[in-house]
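Everything on this sheet refers to the single structure shown next.
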Amino acid sequence: MTRPPELAAESGGVFDPASDAIDLSALFGLLRRQLLLILLTTALFVGAGLAYCYLADKVYQATTRVLLDPRDKQLVGPEVVRPTQGVDLSWIETQVDLVTASGTLRKVVERENLIDDPEFGGTGSPSDMDAVLTSLARHVRAERGAQTYVIDIIVSSTSPEKAARLSIAVAEAFMASLTEAKQNAARQANLLIARQIDDLKAKAREAEDRVEAYRKENGVVQVDGRPVDEQTLKQLNEANVTARLKADEASSRLAKLDAIARTNGGDLASALSSIDSPVLGRLKVEYAMALREQAELQQTLGDRHPRMQAIGADIARSRSLIAQELNNLVARARVEADLAKSQVASSAAALAAATRKVSETSDASVALRDLEGEAAIRRDVYRAFVARAQETGLQENLQVSDARIISPAQVPLYPSSPRKKIILGLAGIGGLGVGLALALYRGRTRPARPAVRERLHLVEDPVLPQAEPEPEPVAALASESPDVLAEIGVPGSLASGDALTEEAAGELIGGVAVDSRPAFQALAEALTRPGDTEGPAVHVLFGTAASGAIAAVAYGLARVMAEEPAETLLIDANSGTVTTGSSLIGRDVHGILDVDFNHAEADAIGSRLEDASIVLLPAASARLRHEIGFHGDRLVETIRDVADGFERVVVDLGPSCPPALFNALIGIADDVVMVVDAQEADTPEIRAMFADLRHLVPDLRGMVATRATTIVVETPPATAMA
């Protein structure tokens, strides 16, 4: 949107203030006429850059490449290097930061004696250490290659040899720092473990003493780590089982021998075959031989033959001896069986007694096992700490650095600063830009001095004279032009866009609010009421009229709405020459943007007007008003934060509102009103503009026509130009 210029301009300029067009032919003609100025400015900048390149101190950079090895290295153990599953990226970044740490740089200062080097601010005094460290830190830079474990240690100096030497020294100090850190960690761990060993030893000894005292107190005797009562019970149980087996065997033998002994005649040899006895074995052999000899002689000799009778006597004698031996064996077997039974009885009694003794000492054994378990735990912990202390003691002197130099720094052949090509290029671009700016400034249009109008004399109690006629009824205007919601009479000084003093502009704006009160009331009735929307009703005013006219309409509308019980919030986002903020509360008052840009206090940017229930909140102070158009979202956020205590919010966007600011504020607006000059309200351009906006902005309610009256104010030329 554009509007007629507030200041007249000379014709023939490159930029036409009445439109947005630029005459390219006139622009190129202007630059061609100012070509010498452009060339001289560019040559001056290039010459200054060239002089700087030759006069500035040359700085050389040397780079040492260091490889980080994140693998865990243990010299004690089967594997010297243990593979890693993954490395945290933060560990690598931490190592990069450690290159420039004060501990690393302090080693370099001491090793290279930089306390005496004037390049780093050293004068030989120990008090210069902090200054030398700070200066060295500015000369050292560590960079990590993309997705690698390689660190580039870059050191700059005015001497190429010194740059290379210091780069290697920083790398070596960094590797030494890594080794010292691991040694310190092992030493600290060893000290902490050693402090605990004596205490653990005492606790283990105390637990062992409690076990022994409990054993003595409860009569628990152990052999080979097991209680004697339990071992005795086990042995008695085994003895009882053995006795029972022997008793069973003796009873079985007795029964067998007794059965054989009662056998009369029959096959005595087969009956004796199951008895294991040497005497019976010999008698059985004799008996068998006698029977065989009898059988052989019986076939040749008769039964009455003397030899047959002698053999019969031998057989009878053998049977008698066998019977006698069987009786002896039965007697011995009976004795053994009785003895086995007595042993079973005695072992059973002993087993029962031992069982009762174990039962009686079972509770004591449970508590004893608990004490023994505690003692074993403390003994194991003590042994583990002793072993760990020995291991950490060895690790303290067996640490390997996690970094190594893969490419030591070489002496640079060319300086890294100043960079001639970049400096000369920037100097040429800057000189060309300044030359073009000077050429355009010399060919700029000359603004004409504002017309001198009739002076408005102010008294102690100023009252604006009723010079303009009463505005026409709104109903008549609506019948002639339905899009015009109201017509407001505005003094010519405000309608023409003249630059006014704050006092004069404030008096004129206040007079418009009082004189056109009926028209403002009708306008307020045509807009959205607070009860018809969630939260406060937001009314946005913009247009093609002068900034002072739009400011007067915004203040008059807010004043009428402030007559209700609730307060009205008036947002001044007008970037014109005359605004409600500068006219009613001053040009230097802080605004919303001053909180972000000038760190102003948030509770000091709003002002409550004395003669109305209105809180006036400027968007920015006078020096930041040109930034309003770029921060529409910030204004919307502020309105949402502070509008809860108000029923209505009136936003003055002024003329030629930037599209970004307009689009940001119509998103929260309930009503959008376009303020135009009354003489332009019926022109085809304004009608077409309004019709196009109505399609784009559904909340566009209509237009307010401002009609210039005869009251004008003359300001001094210096004030007008300011």
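The values are calculated or read from the model by the stated rules, or taken from the named source; none is laboratory data. Just so it is clear, the model here is predicted, and its values are computed rather than measured. Methodologically, a virtual Cβ is constructed for each residue, glycine included, from the backbone with ideal geometry; neighbour enumeration extends over all protein chains shown. Each accessible area value is taken on the protein alone, full model and side chains, heavy atoms only, with ligands, DNA and RNA left out. Shrake-Rupley method; radii C 1.70, N 1.55, O 1.52, S 1.80 Å.
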If the requirement is being touching a Lys or Arg at 6+ places or on another chain (Cβ under 9 Å) and closer than 25 Å to I509 by Cα, which of these qualifies: D652, D677? D677
Output for the stretch 89-144, where each listed residue is under 18 Å from S401 (Cα atoms), buried (at least 17 other Cβ atoms within 10 Å of the Cβ) and among the charged types (D, E, K, R): K107
Name the single residue that is nearest to R383 (Cα to Cα) among those in the stretch 160-194 being more than 37 Å from the chain's Cα centre (by Cα) and surrounded by fewer than 16 Cβ atoms within 10 Å (Cβ to Cβ). A194
If you take the residues of the stretch 594-615 that are of a type in the set (A, V, I, L, M) and not in a helix (DSSP H, G or I), which of them is modelled with the lowest pLDDT? A600
Test A354 against the criterion of being closer than 30 Å to R215 by Cα and modelled with pLDDT under 75, and give yes or no. yes
Hey, among V540, V553, V484, which residue is within 14 Å of V704 (Cα to Cα), modelled with pLDDT of 85 or more and surrounded by fewer than 22 Cβ atoms within 10 Å (Cβ to Cβ)? V484
Could you please let me know if R195 is modelled with pLDDT of 70 or more, within 30 Å of R332 (Cβ to Cβ), basic (K, R) and assigned to a helix (DSSP H, G or I)? no
Consider the stretch 616-655. How many of its residues are assigned to a loop (DSSP other than H, G, I, E, B), of a type in the set (G, A, S) and either buried (at least 24 other Cβ atoms within 10 Å of the Cβ) or in contact with a strand residue (DSSP E or B) (Cβ under 8 Å, 6 or more places away or on another chain) (or both)? 2
Only one of E336, E325, E296 is at pLDDT 80 or above, part of a helix (DSSP H, G or I) and acidic (D, E), namely E336
Just name the residue that is farthest from F630 (Cα to Cα) out of those in the stretch 577-593 that are assigned to a loop (DSSP other than H, G, I, E, B), touching a residue at least 40 places away in the same chain (Cβ under 8 Å) and open to solvent by 20 Å² or more (accessible area, probe 1.4 Å). G586
Residues of the stretch 288-305 satisfying the condition of being farther than 17 Å from S320 by Cα and open to solvent by less than 90 Å² (accessible area, probe 1.4 Å): E293, Q294, A295, L297, L301, G302, H305
In the set E503, E567, E507, E525, the lone residue that is out of contact with any helix residue (DSSP H, G or I) (no Cβ under 6 Å at 6 or more places or on another chain), open to solvent by 30 Å² or more (accessible area, probe 1.4 Å), touching a residue at least 60 places away in the same chain (Cβ under 8 Å) and not basic (K, R) is E567
Taking the stretch 308-322 only, how many residues are open to solvent by 90 Å² or more (accessible area, probe 1.4 Å) and at pLDDT below 75? 1
In the stretch 89-115, anything in a helix (DSSP H, G or I), over 19 Å from the mean Cα position of the chain (by Cα) and among the aliphatic types (A, V, I, L, M) is listed as V96, L98, V99, L105, V108, V109, L114, I115
I'm trying to understand the selection: among the residues of the stretch 660-683, which are assigned to a helix (DSSP H, G or I), within 39 Å of the chain's Cα centre (by Cα) and either without any contact (Cβ under 8 Å) to a residue 60 or more places away in the chain or over 20 Å from T568 (Cβ atoms) (or both)? A660, L661, F662, N663, A664
Log entry, pairs with first residue in the stretch 386-405 being under 13 Å from E180 (Cα atoms), second being modelled with pLDDT under 70, beta carbons closer than 6 Å, six or more apart or on different chains, reads L398/L75; V400/K73
